[in-house]
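The block underneath contains the structure these notes are about, expressed in structure tokens.
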Amino acid sequence: MASIRCFLRSGKSAVSVVLRREFSKTSPAAVQVNVRDALNQAMDEELERDERVFLLGEEVAQYDGAYKVSRGLWKKYGDKRIIDTPITEMGFAGIAVGAAFAGLRPICEFMTWNFSMQAIDQVINSAAKTYYMSAGAQPVPIVFRGPNGSSAGVAAQHSQCFAAWYGHCPGLKVISPWSAEDARGLLKAAIRDNNPVVFLENELMYGVPFDLSEEVMHKDFVLPIGKAKVERQGTHITLVSHSRCVGFCLDAAAVLAKEGVECEVSVVL
Amino acid sequence: MQKMLTIISNVLRGSARRNATSLVVASRSYADFTPEATFDIKKVDLHRLEEGPPLTATLTREEGLKYYRTMQTIRRMELKADQLYKQKIIRGFCHLYDGQEACAVGIEGGITLSDHLITAYRAHGYTLTRGGTVREIMAELTGRRGGIAKGKGGSMHMYTKNFYGGNGIVGAQVPLGAGVALACKYLGNDQLCVSLYGDGAANQGQIFETYNMSSLWKLPIIFICENNQYAMGTSVERSAASTEYYKRGDYIPGIRVDGMDVLCVREATKFAADHCRSGKGPILMELQTYRYHGHSMSDPGVSYRTREEIQEVRSKSDPISMLKDRMLSNNMASIEELKEIDIAVRKEIEDAAQFATTDPEPPLDDLCSHIFANDQPFEVRGATPWTKLTSTS
């Protein structure tokens, strides 16, 4: 069932290509893509588009990614652009930020965001604050990405959600998508953005398939960062969520719809 | 140019730490001053290296005057900052570099401005050698709009082209420097990155992580440990199990250099730069130096060391005096000429201080600007929910 979607204007002007649809359309050549593949394709396209983009992190190259998100990229791009790092988050996050200082566009993968705490100083103090402290002289075009939040039975140390932590830091753009379309469009936007972006994925969403239209599959499809989105129209109550919990909200909305309560499900991206 | 071997003098510099003799070989020409002279410099200690930098350094008159002027400028600028801080015109953190001038000037003498450099918070000297002006630096210390970071960075966050600050978090700048070196290698531009840290930072874990990755990937990085004997108030004996910082890189070749002699530093840097540019990967340099001031302006600097110690270094190993003596005793410059430079430097500092004291502070809107790069202006909440400020990129 194709959901009606539209993008809420939140008072900020649009920065990049925005899809505005007032009416639902049955997408012509819809393709089923899961979130993992959407992220993989997004990175592949951006690596191809800009020579300065490169990926580093633990197991991203020869292992094809701890969660297979970077599958095939090392075979295609080689050692120079897909770099396996030792298990030294603080060190390689710092190296990634330094590379961004010097003009490259790194994607720094944390195996999970829990491990980012080893490197949180580099994310906040070296990446987020530098543009401000240098009064605009030193931009930091870096993307930190990886799975965040709940997983299945991995215990407390591997299940923390960092959205609130990073979301409160000025200078960082924090993104937490749900669907494959959002993951794709926002990761591409994040890589093209000249600011440090914290991209929070979710391990349990990686395998979930979504229908993506031809338009979404275009190699220049980007979504604007910072705009919320209505996934389901409703009139009685609004449910606001991000990442995996959007799915639960939609399920809840379906249950309530049977009782005549129409929920609007809004996604904060 | 005719060269005649003339031994003019042996200048003995004895001190507890140093035992160098300068043997001067002067070349005569028809000009009044000696255009160039070669000096013996102290041998460096080597780690995992068969050969080190040369044992002699050639200094031209031009270079000598340039190094003298730059070191004197740094010295006077730091002393002026001390004065302004005591007058409460500079506030916040202020970490002064006087005593260590030979490091900044010597390093710059061994690399070019197209190479990259990153250091920690004792950064005023490097901001100058990397292209900043005294005016901009002082105005940044006083937090005015004419400052090198428009008043928003302060003492620890000054940036110029190919100079990445000025970093407040101890040790964080070292992986950042390796990242810059990675970019140099990635882009294939034959540039390198000099990444500085102090004896205190040398114990940071992230530095060892950086040693590992730089070696694995053969990054063109020169690690430089400026060992001024004290990490804030903790002496090297009290903070490090091994105080041989040039060996701490383990598998990384290292050299230990007299950091009070600008020629030693320069030759060592050239040697290290050659090592990097030939693709051999990282190299580590320990510069043995000394700071006259305390750790920062809030530290008198005498509770953990004696005044006698400071005085002794000042009288026996001062970098500016050393260069001055060398140049004078080899007829490379006259006392009057050097005095003129002193006067010119003093004037430059006075003008800069004047500017730094009278320039207006940044406008209120700047409080929220430069949060994001290349973005449209957006509204930011001010101190209360109903005050809005506009943030521009």
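The values are calculated or read from the model by the stated rules, or taken from the named source; none is laboratory data. As the structure is a prediction and not an experimental result, all values here were calculated from the model. Cβ coordinates were reconstructed from backbone atoms using ideal geometry, including for glycine residues, and neighbour counts include every protein chain displayed. In case anyone asks, the SASA skips ligands and DNA or RNA and just uses the protein heavy atoms, side chains included. Shrake-Rupley method; radii C 1.70, N 1.55, O 1.52, S 1.80 Å.
Data overview
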quantity: Breaking point among (1) of a type in the set (Val, Ile, Thr); (2) more than 8 Å from chain A (Cβ to nearest Cβ); (3) over 13 Å from the mean Cα position of the chain (by Cα), for B:Thr127; calculated: (3)
quantity: Hits in the range B:182-192 - residues which are at the interface with chain A (Cβ under 8 Å from one of its Cβ atoms) and touching a residue at least 12 places away in the same chain (Cβ under 8 Å); calculated: B:Leu182, B:Cys184
quantity: Wholly within the range B:199-301, helices (runs of 4 or more DSSP H) carrying at least 1 residues that are out of contact with any strand residue (DSSP E or B) (no Cβ under 7 Å at 6 or more places or on another chain), more than 14 Å from chain A (Cβ to nearest Cβ) and without any contact (Cβ under 8 Å) to a residue 40 or more places away in the chain; calculated: B:236-239, B:262-277
quantity: Check on B:Gly168, within 11 Å of chain A (Cβ to nearest Cβ) and within 18 Å of B:Leu84 (Cα to Cα); calculated: no
quantity: Pairs, first touching a residue at least 60 places away in the same chain (Cβ under 8 Å) in the range B:368-393, second basic (Lys, Arg), C-beta under 9 Å, six or more apart; calculated: B:His370/B:Lys150; B:His370/B:Lys152
quantity: Flag for B:Glu78 being part of a helix (DSSP H, G or I) and surrounded by fewer than 22 Cβ atoms within 10 Å (Cβ to Cβ); calculated: no
quantity: B:Ala139 vs. criteria buried (at least 24 other Cβ atoms within 10 Å of the Cβ), closer than 21 Å to B:Gly179 by Cα and touching a helix residue (DSSP H, G or I) at 6+ places or on another chain (Cβ under 9 Å); calculated: no
quantity: Top-ranked residue of the range A:59-101 - restricted to ones that are more than 10 Å from every other protein chain (Cβ to nearest Cβ) and polar (S, T, N, Q), ranked as most open to solvent (accessible area, probe 1.4 Å); calculated: A:Gln62
quantity: Any hit, the range B:102-118, residues being open to solvent by less than 10 Å² (accessible area, probe 1.4 Å), in a loop (DSSP other than H, G, I, E, B) and either within 14 Å of chain A (Cβ to nearest Cβ) or closer than 24 Å to B:Leu284 by Cα (or both); calculated: yes
quantity: All positions within the range B:164-181 that are among the β-branched types (Val, Ile, Thr) and touching a residue at least 24 places away in the same chain (Cβ under 8 Å); calculated: B:Val170, B:Val174, B:Val180
quantity: Residue satisfying condition, being out of contact with any Cys (no Cβ under 8 Å at 6 or more places or on another chain) and without any contact (Cβ under 8 Å) to a residue 12 or more places away in the chain, within set B:Gln87, B:Gln100; calculated: B:Gln87
quantity: Test: residue in the range B:81-91 that is under 30 Å from B:Asp359 (Cβ atoms), in contact with a Gly (Cβ under 9 Å, 6 or more places away or on another chain) and open to solvent by less than 30 Å² (accessible area, probe 1.4 Å); calculated: yes
quantity: Which listed residue is closer than 27 Å to A:Pro139 by Cα, touching a strand residue (DSSP E or B) at 6+ places or on another chain (Cβ under 6 Å), modelled with pLDDT of 95 or more and not charged (D, E, K, R), from B:His157, B:His95, B:His116, B:His124; calculated: B:His116
quantity: Residue check for A:Phe210: within 25 Å of A:Leu172 (Cβ to Cβ) and crowded, with 16+ Cβ neighbours inside 10 Å; calculated: no
quantity: Test: residue in the range A:102-123 that is out of contact with any helix residue (DSSP H, G or I) (no Cβ under 7 Å at 6 or more places or on another chain) and basic (Lys, Arg); calculated: no
quantity: Some residue of the range B:143-159 being open to solvent by 10 Å² or more (accessible area, probe 1.4 Å) and not in a loop (DSSP other than H, G, I, E, B); calculated: no
quantity: Options B:Arg277, B:Arg248, B:Arg238, B:Arg266; residue that is of a type in the set (Lys, Arg), at negative phi and open to solvent by less than 10 Å² (accessible area, probe 1.4 Å); calculated: B:Arg266
quantity: Candidates A:Glu259, A:Glu264, filtered to the one that is of a type in the set (D, E, K, R), outside the structural domain of A:Asp37 (by TED's automatic domain parsing) and buried (at least 16 other Cβ atoms within 10 Å of the Cβ); calculated: A:Glu264
quantity: Options B:Thr60, B:Thr127; residue that is without any contact (Cβ under 8 Å) to a residue 60 or more places away in the chain and open to solvent by 20 Å² or more (accessible area, probe 1.4 Å); calculated: B:Thr60
quantity: Qualifying residue in the range A:236-247 (condition: open to solvent by less than 40 Å² (accessible area, probe 1.4 Å), outside any strand (DSSP E or B) and farther than 23 Å from A:Ser150 by Cα); calculated: no
quantity: Among the residues listed as B:Gly165, B:Gly171, the single one being modelled with pLDDT under 95, on the phi > 0 side of the Ramachandran plot and open to solvent by less than 10 Å² (accessible area, probe 1.4 Å); calculated: B:Gly165
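Residue by residue, here is whether (1) under 23 Å from B:Ile310 (Cα atoms); (2) at pLDDT below 95; (3) surrounded by 24 or more Cβ atoms within 10 Å (Cβ to Cβ); (4) in contact with a Phe, Trp or Tyr (Cβ under 9 Å, 6 or more places away or on another chain) holds:
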| site | (1), (2), (3), (4) |
| --- | --- |
| B:Val194 | no, no, yes, yes |
| B:Tyr197 | yes, no, yes, yes |
| B:Gln204 | no, no, no, yes |
| B:Glu209 | no, no, yes, yes |
| B:Ser215 | no, no, no, yes |
| B:Leu219 | no, no, yes, no |
| B:Tyr230 | yes, no, no, yes |
